[in-house]
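I have placed the structure first, in the form of structure tokens, so that the comments after it can refer back to it.
The values are calculated or read from the model by the stated rules, or taken from the named source; none is laboratory data. Being a predicted model, the structure only gives us computed values, none of them experimental. Here the Cβ positions follow ideal geometry from the backbone for every residue, glycine too, while neighbour counts run over all protein chains shown. Quick note on the areas: whole protein, heavy atoms, side chains included, nothing else; ligands and nucleic acids left out. Shrake-Rupley method; radii C 1.70, N 1.55, O 1.52, S 1.80 Å.
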Amino acid sequence: MSRIKKAARAAAGKVWLVGAGPGDPDLLTLKALRTLEGADLILFDNLVSPGIRALFPKAVPAFYVGKRKGDHSIAQQDLNALLVQKAREGLHVVRLKGGDPFVFGRGGEEMQSLIECGVEVEVVPGITSASACSSQAGIPLTHRGLSQGCTFVTASAESSLKVDWASLAQLKHTVVFYMGVSRAATIQNNLTAKGMCGDTPVAIIENGCRPGQRDIIGTLDSLVSLIEVNQVQSPALIVIGEVVSLSSVLKPFGLPEFEQSCA
Ligand code: SAH
């Protein structure tokens, strides 16, 4: 690329779609941290923990553009337009998302819209919550003899949920539901109806890799009541499969408790 073209490109700014991981600042990647340090503007989601927000450079303006259920602070279309506008102003914009931007994070949609508008964009992967939170709970997502695979599924969809329940119920490997707390009855009823055994082990991991992580262990039959009795709040994951039974053995050897300073 010629020098002039390079200069024009730099002047045009750039967007980084960055994964912040599940919440523990120590699980942020070095690349994510460096990208934050080089940013002119940070736009972050509600899943970006206070511990990670504390790492934002003080001089860099940072705005919450999150989407809690039922509280869309900014519509996706407007957010896409904002990213394009700020990059065209020549800014280096970091769009920081919980977990990995490409796992139920709308990273693909945002990247597509930026590419269509001719804006330079780069994705920085993060540790997705299923991987980090289950490790913290002492649950390996795969384990020789127990599970030869793992499927990530969303339990919520903007319009209609098109989950192939029959296939999931027959997989005989680990299934992790994102955004499943308010859809527990749908999960329990559909999997049971399609033949998954009611005594299949289940873990609900609330606030994973953050202070106050709770791991609630039970069976598929008790999923709904476990969530009700324990008043589980989002963010939480639902892990279903035989690997959950390893938690009682592996949890005591998991990572140390998080320090309260992450709060
Ligand atoms: N891109 C994110 C997922 C966003 S969807 C990722 O890769 O992890 C939001 C859902 O992710 C939440 O409803 C919850 O199911 C899950 N989640 C994200 N962070 C979590 C955490 N720290 N503990 C438990 N679940 C979490």
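Here are the numbers for the structure shown:
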read-out: Where Leu28, Leu17, Leu91 fall by accessible area, highest first, once all protein chains stay in place (1.4 Å); value: Leu91, Leu28, Leu17
read-out: Trypsin sites (Lys or Arg not before Pro), loop per DSSP, at most 10 other Cβ atoms within 10 Å - longest free stretch of the chain; value: 163-263
read-out: Two-decimal ratio, the stretch 65-165, of alpha-carbon radius of gyration to 2.2 N^0.38 Å; value: 1.33
read-out: Tilt relative to the chain, helix 107-116 - C-alpha long axis, 0 to 90 degrees, to 10; value: 30
read-out: Rounded percent of accessible protein surface that carbon and sulfur make up, the stretch 104-249, 1.4 Å probe; value: 51
read-out: Where the Cα pairs of the chain fall when distances are cut into 5 Å bins, in %; value: 1, 6, 12, 16, 17, 15, 12, 9, 6, 4, 2, 1, 0, 0
read-out: Ranked order, Asp40, Asp45 - accessible area, probe 1.4 Å, largest first; value: Asp40, Asp45
read-out: The chain - mean residue ellipticity at 222 nm from DSSP helices (-39,500 (n - 2.57) per run, n ≥ 4, rounded to 500); value: -8000 deg cm²/dmol
read-out: Average projection area in nm² (convex hull over Cα atoms of the stretch 127-263, one quarter of hull surface); value: 8.4
read-out: Ranking by accessible area, most exposed first, for Tyr178, Tyr64 with a 1.4 Å probe; value: Tyr64, Tyr178
read-out: DSSP beta bridge pairing in the stretch 109-263, given as percent antiparallel to the nearest 5; value: 75
read-out: Inter-centroid distance (Cα atoms) of the stretch 158-237 relative to the stretch 18-38, Å; value: 28
read-out: Rounded to 5, the percent of DSSP beta bridges in the chain classed as antiparallel; value: 45
read-out: Angle in degrees between helix 76-88 and the longest Cα principal axis of the chain, rounded to the nearest 10; value: 30
read-out: Tilt relative to the chain, helix 184-193 - C-alpha long axis, 0 to 90 degrees, to 10; value: 50
